[in-house]
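**Q** Pasting a structure below so you can have a look.
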Amino acid sequence: EAGVTQFPSHSVIEKGQTVTLRCDPISGHDNLYWYRRVMGKEIKFLLHFVKESKQDESGMPNNRFLAERTGGTYSTLKVQPAELEDSGVYFCASSQTLQETQYFGPGTRLLVL
Amino acid sequence: DQQVKQNSPSLSVQEGRISILNCDYTNSMFDYFLWYKKYPAEGPTFLISISSIKDKNEDGRFTVFLNKSAKHLSLHIVPSQPGDSAVYFCAAPDSNYQLIWGAGTKLIIKP
């Protein structure tokens, strides 16, 4: 069974540009989460999808961040326009049910210059 | 307000000895706790969990202890092996099942 995959693995962009991160959850997992780790600090929750619906997006930093999960399969997280403080590692996780273990992808390392 | 805290950024242990990683929390409503292990350039990997109704859970070389009165948990690895060198995160799901994370402890196993 394939795990959670994320693309790209790394992205280096200039301030003001747009970047789109993609996450493919484990097949059959309805729950999809986005987390972010900035500058070696603790990992922080961004948002949670149940199928195609946003269950909770209370962790999204501001309206420059837009997440979608059309069709309830893969998800994208777009940052537009990117700012320096958006640099960090963006992790995606999925779980079959709310109570079950969340499985993480390898992360996308974003560097905004 | 950090609800889950790991106060040791790093820990160095001799191979074969016991590694003890600590975690403190402030929210007494957490139902269970998880430990994740993370290698460089990889995502966190689930390691072991403990329910708030238990005080110990063991899985092979890994044991997690929970002291609810002290709001403290610890992960014991014995014997420590070189492959255990990684960053260890303590986490707990909030009422919406979002994971609240500690800052992580980098464990270095010395040969």
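**Q** Does region B:77-102 hold any residues that are of a type outside the set (A, V, I, L, M), over 15 Å from B:Cys23 (Cα atoms) and either within 14 Å of another protein chain (Cβ to nearest Cβ) or touching a strand residue (DSSP E or B) at 6+ places or on another chain (Cβ under 7 Å) (or both), and which are they?
**A** So the first thing to find is which residues in region B:77-102 are of a type outside the set (A, V, I, L, M), and the list is B:79-85, B:88-90, B:93-98, B:101-102.
Adding the requirement that they be over 15 Å from B:Cys23 (Cα atoms) leaves B:79-85, B:94-98.
B:Ser80, B:Gln81, B:Pro82, B:Asp84, B:Ser85, B:Asp94, B:Ser95, B:Asn96, B:Tyr97, B:Gln98, listed by residue number.
**Q** Tell me the residue from B:Lys38, B:Lys71 that is surrounded by 15 or more Cβ atoms within 10 Å (Cβ to Cβ), among the basic types (Lys, Arg) and under 30 Å from A:Phe7 (Cβ atoms), please.
**A** B:Lys38
**Q** Still on this structure, please answer the following. Return the residues of region B:1-37 that are under 10 Å from the mean Cα position of the chain (by Cα), hydroxyl-bearing (Ser, Thr, Tyr) and more than 9 Å from every other protein chain (Cβ to nearest Cβ); say none if nothing qualifies.
**A** The answer is none; no residue qualifies.
**Q** Now for a separate question. Taking the condition under 30 Å from A:Asp24 (Cα atoms), out of contact with any helix residue (DSSP H, G or I) (no Cβ under 7 Å at 6 or more places or on another chain), at pLDDT 95 or above and basic (Lys, Arg), does B:Lys106 pass? If you could, list the steps in order and put the result at the bottom.
**A** Values: under 30 Å from A:Asp24 (Cα atoms): yes; out of contact with any helix residue (DSSP H, G or I) (no Cβ under 7 Å at 6 or more places or on another chain): yes; at pLDDT 95 or above: yes; basic (Lys, Arg): yes.
Answer is yes for this residue.
**Q** Can you name the residue in region A:10-37 that is surrounded by 16 or more Cβ atoms within 10 Å (Cβ to Cβ) and within 11 Å of chain B (Cβ to nearest Cβ) and is also modelled with the lowest pLDDT among such residues?
**A** The extreme case among them is A:Arg37.
**Q** Next up: Just a yes or no: is a residue in region A:30-47 of a type in the set (Gly, Ala, Ser) and within 17 Å of A:Tyr90 (Cα to Cα)?
**A** Yes, region A:30-47 contains a residue that is of a type in the set (Gly, Ala, Ser) and within 17 Å of A:Tyr90 (Cα to Cα).
**Q** Further, regarding this structure: Identify all residues within region B:70-103 that are more than 17 Å from B:Glu42 (Cβ to Cβ), modelled with pLDDT of 95 or more and hydroxyl-bearing (Ser, Thr, Tyr); write none if there are none.
**A** B:Ser74, B:Ser80
**Q** Out of all the residues in region A:63-112, which are more than 14 Å from every other protein chain (Cβ to nearest Cβ), outside any loop (DSSP other than H, G, I, E, B) and more than 23 Å from A:Val12 (Cβ to Cβ)?
**A** Within region A:63-112, A:Glu68, A:Thr70, A:Gly71, A:Gly72 qualify.
**Q** Mind listing just one residue for me: the one in region A:50-62 that is closer than 27 Å to B:Gln3 by Cα and not in a strand (DSSP E or B) and, of those, farthest from the other protein chains (Cβ to nearest Cβ)?
**A** Filtering region A:50-62 for residues that are closer than 27 Å to B:Gln3 by Cα and not in a strand (DSSP E or B), the one farthest from the other protein chains (Cβ to nearest Cβ) comes out as A:Asn62.
**Q** Of all residues being surrounded by 14 or more Cβ atoms within 10 Å (Cβ to Cβ) and farther than 25 Å from B:Lys38 by Cα in region A:79-90, which is farthest from the chain's Cα centre (by Cα)? Just the residue, please.
**A** Filtering first and then ranking leaves A:Pro81.
**Q** Does region B:42-51 contain any residue that is under 30 Å from A:Asp24 (Cα atoms) and touching a Pro at 6+ places or on another chain (Cβ under 7 Å)?
**A** yes
**Q** Continuing with this model, one more query. What number of residues in region A:71-113 are free of Cβ contacts under 8 Å to residues at least 60 places away in the same chain and among the aliphatic types (A, V, I, L, M)?
**A** Here the count works out to 2.
**Q** So the check is Cβ under 6 Å with 6+ separation or different chains; which pairs have a first residue in region A:1-25 that's among the acidic types (Asp, Glu) and a second one that's modelled with pLDDT of 95 or more and part of a strand (DSSP E or B)?
**A** Listed by first residue and then by second, the contacts come to A:Asp24/A:Thr5.
**Q** Here's something else I'd like to know. If you go through region B:85-105, how many residues are farther than 23 Å from A:Gln55 by Cα and in a loop (DSSP other than H, G, I, E, B)?
**A** So the count comes out to 4.
**Q** Okay, next question. Mind checking which residues of region B:38-76 are more than 14 Å from every other protein chain (Cβ to nearest Cβ) and part of a loop (DSSP other than H, G, I, E, B)?
**A** Once the filter is applied, which keeps residues that are more than 14 Å from every other protein chain (Cβ to nearest Cβ) and part of a loop (DSSP other than H, G, I, E, B), region B:38-76 yields B:Ile53, B:Lys54, B:Asp55, B:Gly60, B:Arg61, B:Lys68, B:Ser69, B:Ala70, B:Lys71.
The values are calculated or read from the model by the stated rules, or taken from the named source; none is laboratory data. These numbers come from a predicted model, not from an experiment. Because the Cβ atoms are built from the backbone with ideal geometry, glycine has one as well, and the counts that use them run over all protein chains shown.
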